[in-house]
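Visitor: Have a look at this one before I ask anything.
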Amino acid sequence: MPVLEPVNIVSARFECSALDLEGCPDEILPEFAFIGRSNVGKSSLVNFLTGSTDLAKVSAKPGSTKTLNFFELNRRWRLVDLPGYGYAHVARKDSKKFNKSVMEYLRDRPNLCCVFALVDGSLPPQALDLEFVEWLAANEVPFVLVFTKSDAANPGTVQANIQDFQSRISSWCDGLPDTLVCSARKLSGRTALLKVIDEALKSVTEGVASEIPTNEPPKGRKSLPAAPRRRPDRDSARPW
């Protein structure tokens with residue numbers, strides 16, 4: 001059976017919802033999480049990415065996503081739609097205000113490959129987004145910046161907002177993270193986003209293959225695990 005490339009999504013299905021880390025599905029498949037402020041257009045981007053119109057529920061009311069929602073893509077990897085943090089302030093001195101289940105998932109989920117941190121590109125840097133990115137960097141969570149709503153302002157304004165955001169986070173990261181610009185409304189940025197996922201999946205696969213012993217595996221044990229059960233080595237797989 002040929003290996004399906006993630007850039008060619010042929011199947012996408014809702015797998016389950018979880019209230020906390022204990023309720024998450026098994027750790028067999030690599031996962032890519034999407035998170036941002038509650039009105040950043042996360043669900044619209046998830047549907048645009050997967051080529052679906054209703055895979056993720058789009059609501060006119062911000063903060064509708066209350067659980068960790070898992071979607072299986074190509075039977076090979078998972079997309080995880082996390083609750084927005086617009087109503088759960090990520091304060092540096094008071095992490096209890098940050099949604100506990102989301103924090104534990106991002107920090108402790110072993111098969112989490114990368115977090116796509118969504119930021120409204122039509123606005124100047126917002127305190128919540130900056131604090132959340134600082135938390136990701138401080139906890140060494142691999143992440144990529146995705147600036148959404150690029151159609152809601154002129155290109156010059158969007159680019160200025162992106163540069164301002166990058167400037168403010170530069171001291172928190174060892175090099176700037178990868179930065180993408182997307183618009184679900186104008187159907188732009190999907191290929192670049194899927195390319196990041198594709199490259200991460202290839203890195204994970206190569207990492208697993210290098211750990212397989214050359215001698216014959218013990219009886220009853222598979223010679224090749226379906227996917228890693230721990231987060232890839234951060235020094236080699238970190239996107240920034």
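Visitor: Taking every pair of alpha-carbon atoms in the range 13-207, what share in percent sits in each 10 Å bin, from 0 to the bin with the longest distance?
Guide: Using 10 Å bins, I get a P(r) of 9, 38, 40, 12, 0 for the range 13-207.
Visitor: How much FRET efficiency would the formula 1/(1 + (r/R0)^6) give for residue 11 and residue 104, where r is the Cβ-Cβ distance and R0 is 35 Å, rounded to 0.05?
Guide: Here the calculated transfer efficiency is 0.75.
Visitor: Then there's this: Skipping prolines and chain starts, which residues have an amide H placed within reach, meaning under 5 Å, of the one on residue 188, given they are 5 or more residues away or on another chain?
Guide: It is 183, by chain and number.
Visitor: How big is the dipole moment of the range 13-207 about its Cα centre under a simple scheme where the beta carbon of each Lys and Arg is +1, that of each Asp and Glu is -1, and everything else is neutral? Debye, nearest 20, please. Present the calculation step by step, with values, prior to reporting the outcome.
Guide: Working: 23 positive and 24 negative charges, 128 e Å.
Taking the Cα centre of the range 13-207 as origin, the dipole is about 620 debye.
Visitor: Test of understanding: what is the full-extension gain from residue 168 to residue 186, defined as 0.36 nm times their sequence separation minus their Cα-Cα distance?
Guide: Length gained between residue 168 and residue 186: 3.7 nm.
Visitor: Give me the number: length gained by fully extending residue 27 to residue 152, i.e. 0.36 nm times residue separation minus the C-alpha to C-alpha distance, one decimal in nm.
Guide: Stretched out fully, the residue 27 to residue 152 stretch lengthens by 41.2 nm.
Visitor: Among 128-137, 142-151, 187-196, 66-75, what's the highest-first ranking by average C-beta atoms within 10 angstrom per residue? Each step should come with its number before you reach the end.
Guide: Working: 128-137: 20.1, 142-151: 22.9, 187-196: 15.8, 66-75: 18.5.
So the order, starting with the most tightly packed, is 142-151, 128-137, 66-75, 187-196.
Visitor: Find how much the distance from residue 198 to residue 39 grows on full extension, using 0.36 nm per residue of separation minus their present alpha carbon separation; answer in nm with one decimal.
Guide: 54.5 nm
Visitor: What does the convex hull of the alpha-carbon atoms of the range 160-205 project to on average, in nm²?
Guide: 4.3 nm²
Visitor: What are the residues whose amide H is under 5 Å from the amide H of residue 143, where those residues sit 5 or more places off or on another chain and H is modelled from the backbone?
Guide: Excluding prolines and chain starts, which carry no amide H, the hits are 115, 240.
Read-outs: derived from the displayed coordinates by stated rules, not from any lab. All figures in this text were calculated on a predicted structure; none of them were measured in a lab. Positions of Cβ are generated from backbone atoms using ideal geometry, with glycine treated the same way; all protein chains shown enter the neighbour counts.
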